[in-house]
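The values are calculated or read from the model by the stated rules, or taken from the named source; none is laboratory data. Small disclaimer: the values here were computed from a predicted structure and weren't measured. Here Cβ is always computed from backbone atoms with ideal geometry, including for glycine, and neighbour counts include all displayed protein chains. Surface areas here come from the heavy atoms of the whole protein model, side chains and all, with no ligands, DNA or RNA. Shrake-Rupley method; radii C 1.70, N 1.55, O 1.52, S 1.80 Å.
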Amino acid sequence: MFQEIDPHKISFNETREPASNDYVVSVKYGKVLFKKTNDEIDIPLISDFEGIDLKDLKYIMTVEKSNFYISVEHISLPDMEYGKLLGLLHLDSIPQEIRFAASTCAHLATWYEDNKLCGRCGTLTQYGKERNELVCPNCGRHIFPTIAPVVIVGITNGDKLMLTRYAAKGAYAHHSLVAGFVEVGETLEDAIRREACEETGLKVKNIRYFASQPWAFSSALLMGFWAEADGTEVHINADGKGELATAEWISRDDIKMESDESSLTWTMIKRFKDNEK
Ligand SMILES: [Zn+2]
């Protein structure tokens, strides 16, 4: 999965000073800045901003010898462009540990950008004492990064797995599992039962945890579970919202693996196909 970067390790050295070969993850309205030279796309380095005073640079993390800073100033340079954060997932020309670190930085940078002003009183916020903390100098509010919990559930029916496809134009095109954001006031199990019912009309039982995945692209933490169907009759989009285009039981032997090996969803489908769940 995307976050599996062994043997590389993420570490923190907050006393260090920026150097020319350190990465800069700059965000603008949820997009991230890429450097484009001769069809090559890369994450910019401090040396790429010669002549520009990056005065809001903030150190975030280190991966081996690579250091990552964020900037929430909007930067305009001829060979740079803000693009979709999800681009970091697929840019195979950049090592995975660098892309994963950059995506984590982009999640944090987006949070910093979204919290430049205190949401309670509208005053400009300041960096706090803790790592990744903002403080409002007017009302004293301490603001910490937000992570949205998402459940993904592999619903099984003997040797069949419930596979779905999203209906929205531009949505993830490959097979998915039932999934959704956890709502305020819900347990993870509540969210699983609700999403299963809303998307497929199925009741589920014997919920078991599988694995989790940080998913910076939607500021989320994905949590994967297995559950058994309690009854097999599918009523797609039972909530009437039309989120899915298809929801079908597919036998283990008939599952065709589609791309995105880096995702928790792919990993779960593969585990089921290989009868290893
Ligand atoms: Zn405030």
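Results, tabulated for the structure shown:
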{"item": "Phe2 being touching a residue at least 40 places away in the same chain (Cβ under 8 Å), open to solvent by 70 Å² or more (accessible area, probe 1.4 Å) and among the aromatic types (Phe, Trp, Tyr)", "result": "no"}
{"item": "Qualifying residue in the range 198-214 (condition: open to solvent by 40 Å² or more (accessible area, probe 1.4 Å) and part of a helix (DSSP H, G or I))", "result": "yes"}
{"item": "Residues being within 15 Å of Tyr112 (Cα to Cα) and modelled with pLDDT under 90 - total across the range 31-54", "result": "0"}
{"item": "Residue under evaluation Glu81, criteria (1) assigned to a strand (DSSP E or B); (2) open to solvent by less than 70 Å² (accessible area, probe 1.4 Å), criterion not met", "result": "(2)"}
{"item": "Residue identified as acidic (Asp, Glu) and more than 25 Å from Ser262 (Cβ to Cβ) among Glu81, Glu14", "result": "Glu14"}
{"item": "Close pairs (8 angstrom Cβ cut-off, 6 or more residues apart or separate chains): closer than 14 Å to Asp230 by Cα in the range 182-196, open to solvent by 60 Å² or more (accessible area, probe 1.4 Å) anywhere", "result": "Arg193/Lys203; Arg194/Glu183; Ala196/Lys203"}
{"item": "Out of Gly158, Gly170, Gly154, sole residue that is in contact (Cβ under 8 Å) with a residue 40 or more places away in the chain, more than 16 Å from the ligand (Cβ to nearest atom) and either of a type outside the set (A, V, I, L, M, F, W, C) or under 30 Å from Ala245 (Cβ atoms) (or both)", "result": "Gly154"}
{"item": "Residue within the range 97-108 that is in contact with a strand residue (DSSP E or B) (Cβ under 8 Å, 6 or more places away or on another chain), within 16 Å of the ligand (Cβ to nearest atom) and hydroxyl-bearing (Ser, Thr, Tyr) present", "result": "no"}
{"item": "Candidate set from the range 84-96 (those that are assigned to a helix (DSSP H, G or I) and open to solvent by less than 50 Å² (accessible area, probe 1.4 Å)); member that is nearest to the ligand (Cβ to nearest atom)", "result": "Leu88"}
{"item": "Residue within the range 25-39 that is of a type in the set (Ser, Thr, Tyr) and within 16 Å of the ligand (Cβ to nearest atom) present", "result": "no"}
{"item": "Scope the range 34-64; condition over 23 Å from the mean Cα position of the chain (by Cα), open to solvent by less than 40 Å² (accessible area, probe 1.4 Å) and over 23 Å from Arg131 (Cα atoms); matching residues", "result": "Phe49"}
{"item": "Failed condition for Ile143, given (1) open to solvent by less than 20 Å² (accessible area, probe 1.4 Å); (2) within 28 Å of Glu14 (Cα to Cα); (3) over 21 Å from the mean Cα position of the chain (by Cα)", "result": "(3)"}
{"item": "Number of positions in the range 109-136 that are assigned to a loop (DSSP other than H, G, I, E, B) and either closer than 25 Å to Ser66 by Cβ or within 16 Å of the ligand (Cβ to nearest atom) (or both)", "result": "15"}
{"item": "The range 258-277 - residue that is outside any helix (DSSP H, G or I) and at pLDDT 90 or above and, of those, most open to solvent (accessible area, probe 1.4 Å)", "result": "Asp274"}
{"item": "Evaluation of Lys28 against (1) over 16 Å from Phe217 (Cα atoms); (2) surrounded by 15 or more Cβ atoms within 10 Å (Cβ to Cβ) (one fails), failing number", "result": "(1)"}
